[in-house]
Amino acid sequence: MKILDKYIIGKFLTAFFFTVIMLVSVICVIDYTEKNDDFLHHNLTFWHVFTHYYIYLFPYFANLLAPITIFIAVVFVTSRLAARTELVAMLASGMSFERLLLPYTMGAGIIAVLTFGLISWIIPKGTKEIVKFENLHVQEPWKYEGRNIHVKIGPHSYVYLESYNADQNIGYRFALETIDSTILRRRLTADAIAWDSTKQAWKLTTQSVRTFHGLTGETLQTIPARDTTLNLYPKDFASTYRLAETLTSPELNDLIATKIMRGANDTAQYLSVKYERYAYPFDTIILTLIGVVLSARKSRAGVGGQIALGFVLAFIFIIFVMLSRNLASVGSVPPMLAAWVPGMVFSVIGLFLYRVVPK
């Protein structure tokens, strides 16, 4: 690595982290102002709110605003180099524009690796604390309101509950059916099923078991109250508010596997989050290169105009990501395609700008 590469990378990373700290700090102050009434209502001190909420919210916002902060950092550094004719000197010395992109790509690669580690392991753990804090002090208590619940818990096993009380972890009108292809082989029913946290098992009331023998008839058996284990847990009836964001990548993969096995109809939104975690670091590099291309020349609008343009493109990218995520959640677009489409579209835009913008 040459001295010039270190110089540009240092400028880029310094501007990036400074922008992140300043922008996210302002947003956190605004957020605190909006929620201050809730904090006062629960008699929370500033230090408690900071150590239990904003210390986790800061990296969450930093990741959320990464496209904007990257654009601002790249445009600011590159436009200043261009305004002071430093880029002219570099290119006049025989350096190609492609070679000039190398230190930016290296700096973006450092941010991409850091981003992948954060969104895969660190930020989800912090988001759990954010959701926990908001449920206690900001939002109304959540209550499970599902009725006529059907859950696949095994290759041939299906559970039915007429209703479920999440506060007491009790389900009513329970049925466990064993179905072979399209043929019902066995059906167990009970008036109620309750979770025993000490035994980590379900307590069933008296059960009626019907076993079907095809054309030969059926048998009926009554079983007294007992404990049993099922591939069903109270967490399956817990709030799914921002659930995907609170799971590390291994936890998210386990949840997706369980939902696929059960045939859940909301699997797409979790697959979308999974693929976004792989696409987001790649998008970081693409946005960096676009920022360099746009700001590597002097502009009549000055540095401020180029930063404003960067803001616009960054907001367009974020809107694109949100739109793709929503389309994936409703099943209109495959989750993997939805996660990678914004990066691919902006790659085409970046290539077009590289071809047409004077450098």
Subject >> Selection count where residues are buried (at least 17 other Cβ atoms within 10 Å of the Cβ), of a type outside the set (A, V, I, L, M, F, W, C) and touching a residue at least 60 places away in the same chain (Cβ under 8 Å), scope segment 321-353 >> reply: 6
Subject >> Failed item in (1) touching a strand residue (DSSP E or B) at 6+ places or on another chain (Cβ under 7 Å); (2) on the phi > 0 side of the Ramachandran plot; (3) free of Cβ contacts under 8 Å to residues at least 60 places away in the same chain, with GLN200 passing the rest >> reply: (1)
**OP:** Sort out which residues of segment 174-209 are touching a helix residue (DSSP H, G or I) at 6+ places or on another chain (Cβ under 9 Å) and under 21 Å from ASN148 (Cβ atoms), and write them in order of number.
**Re:** TRP195
**OP:** Please specify each residue of segment 219-232 satisfying the condition of being touching a residue at least 24 places away in the same chain (Cβ under 8 Å) and open to solvent by 90 Å² or more (accessible area, probe 1.4 Å).
**Re:** THR229
Original post:
Does segment 218-254 hold any residues that are of a type in the set (S, T, N, Q), under 25 Å from GLU134 (Cβ atoms) and not in a loop (DSSP other than H, G, I, E, B), and which are they?
Top reply: THR246, SER249
Original post:
Among the residues of segment 258-287, which ones are in a loop (DSSP other than H, G, I, E, B) and of a type in the set (A, V, I, L, M, F, W, C)?
Top reply: ALA264
**OP:** Identify all residues within segment 212-270 that are hydrophobic (A, V, I, L, M, F, W, C), out of contact with any strand residue (DSSP E or B) (no Cβ under 8 Å at 6 or more places or on another chain) and more than 17 Å from LEU161 (Cβ to Cβ); write none if there are none.
**Re:** LEU215, LEU243, ALA244, LEU247, LEU252, LEU255, ILE256, ALA257, ILE260, ALA268
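The values are calculated or read from the model by the stated rules, or taken from the named source; none is laboratory data. This is a predicted model, so every value here is computed, not measured. As a convention, Cβ positions derive from the backbone with ideal geometry for all residues, glycine included, and neighbour counts pool all protein chains shown. For the accessible areas, the whole protein counts, side chains as well, though only heavy atoms, and no ligand, DNA or RNA atoms are used. Shrake-Rupley method; radii C 1.70, N 1.55, O 1.52, S 1.80 Å.
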